[in-house]
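Single-structure report; data block below.
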Amino acid sequence: MSKKKKAGTSKNDKIPIDTIHAWTQDFKWNGKMSEWDFIQSYHPVKPFEDSAAYLTARKHDSKTGWHIKKQRTYLRMEGSVSRLASNNNSQPLQVSDFPVILSYLEEIKTLLGLDFDSNSLQVARLDIFRQFDLPYPVALFIKKLSQIYRLPHLVQRASSELYGFSYVRWENQGREIVLYDKSESFRTGSLLNDRNVIRAEVRFLRTHICKREGIIDLHSLMDTQHLFKLWSVQFHQLLNESKKLAVIEPSIFKGDLANILENTIRSNGFRVNHLVKVVAGVGGIDKLLEFMGGEKGFDLWLNSQNLHRQKRSRIRKTIQELNNLSTQFHETPLQVDVLVDLKDWLER
């Protein structure tokens with residue numbers, strides 16, 4: 001007889017969540033005011049009334065980035081659980097780190113004079129994320145995905161961040177699907193080893209939406225299999241729409257390369273490693289020079305960009321160095337099946 005598969009945590013023991021909002025109406029405050037950042041009365045307090053009940057208060061914990069808000073009828077807490085456990089939000093929370101959340105709540109109680117049962121906290125927002133290494137600049141991928149204006153029950157939200165193709169979002173009033181460039185968090189300083197990292201998040205933004213998806217309280221976050229399933233279901237919508245509209249095609253989008261290259265070297269914050277990432281994204285220096293018509297062709301193109309001499313010199317020197325180091329690159333074929341990569345990512 002086969003054994004029934006046990007529900008709960010997945011074999012990698014990772015909780016793929018970042019931001020959560022949690023709240024409760026079942027709390028008490030002893031009136032301690034010293035540690036709150038802001039306290040304000042919003043109701044005339046009569047002598048016989050409980051004065052603490054008629055005060056709003058806010059606290060921002062600069063160490064963890066968490067916000068605690070006290071209203072008359074409810075208490076709300078917001079923050080990144082991954083940052084709470086590891087001081088950054090680039091990596092998922094380990095199941096073994098979950099007690100850190102409960103321990104932090106106990107600290108909050110003592111610090112701010114609060115009394116509440118952690119089990120009474122309801123989840124009002126939950127961000128579930130996964131990260132994926134691309135073999136080409138993230139901007140190429142996001143630029144193509146931004147051509148999808150609608151997903152089932154979601155509409156793309158216009159954003160200034162989309163202009164640089166670093167961010168794209170589809171949303172309604174209770175749910176969001178977001179993809180953005182997370183590469184900066186993984187910079188190594190090496191010209192050859194920096195990564196192209198895209199982050200994909202599903203955000204449930206209301207208490208009733210979280211409940212509908214089975215996220216009721218903090219202990220629901222321990223069911224990592226369910227969290228991964230929620231993420232996968234949402235992103236399969238994106239995959240299906242990409243297939244339907246033929247937005248993601250099996251190529252590295254050669255027509256976009258010149259624009260990406262031009263935007264890269266013209267940016268105010270231009271750094272050499274930005275150029276290196278574009279080079280790596282098309283399969284190495286040999287592929288780039290082939291596309292640009294050799295070193296002479298690249299020089300002609302570079303001279304046409306109207307850059308000052310020092311910047312041109314830096315770029316030319318970088319290209320020459322990369323040409324000498326080209327054997328150290330892991331070559332990525334110019335024809336890359338992005339759709340296959342995304343499907344594999346979803347099904348891991």
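Would you kindly identify the strands (runs of 3 or more DSSP E) lying entirely within the range 17-102 that contain at least 1 residues that are modelled with pLDDT under 90?
So the answer is 38-41, 55-61.
In the range 91-121, what residues are of a type in the set (S, T, N, Q) and within 25 Å of residue 28 (Cβ to Cβ)?
103, 110, 118, 119, 120
What tally of residues in the range 123-156 results from selecting those that are over 13 Å from the mean Cα position of the chain (by Cα), within 30 Å of residue 77 (Cα to Cα) and either part of a strand (DSSP E or B) or of a type in the set (S, T, N, Q) (or both)?
6
Look at residue 209 and say whether it is part of a helix (DSSP H, G or I), at pLDDT below 70 and under 23 Å from the mean Cα position of the chain (by Cα).
Taking the combined requirement at face value, the residue does not satisfy it.
If we keep just the residues of the range 61-90 that are loosely packed, with under 15 Cβ neighbours inside 10 Å and farther than 15 Å from residue 22 by Cβ, which is nearest to the chain's Cα centre (by Cα)?
Among them, the one singled out is 88.
Would you confirm whether or not the range 98-118 contains a residue that is buried (at least 17 other Cβ atoms within 10 Å of the Cβ), under 24 Å from residue 230 (Cβ atoms) and touching an Asp or Glu at 6+ places or on another chain (Cβ under 6 Å)?
No: zero hits.
The values are calculated or read from the model by the stated rules, or taken from the named source; none is laboratory data. This is a predicted model, so every value here is computed, not measured. Neighbour counts run over all protein chains shown; Cβ positions are idealised from the backbone, glycine included.
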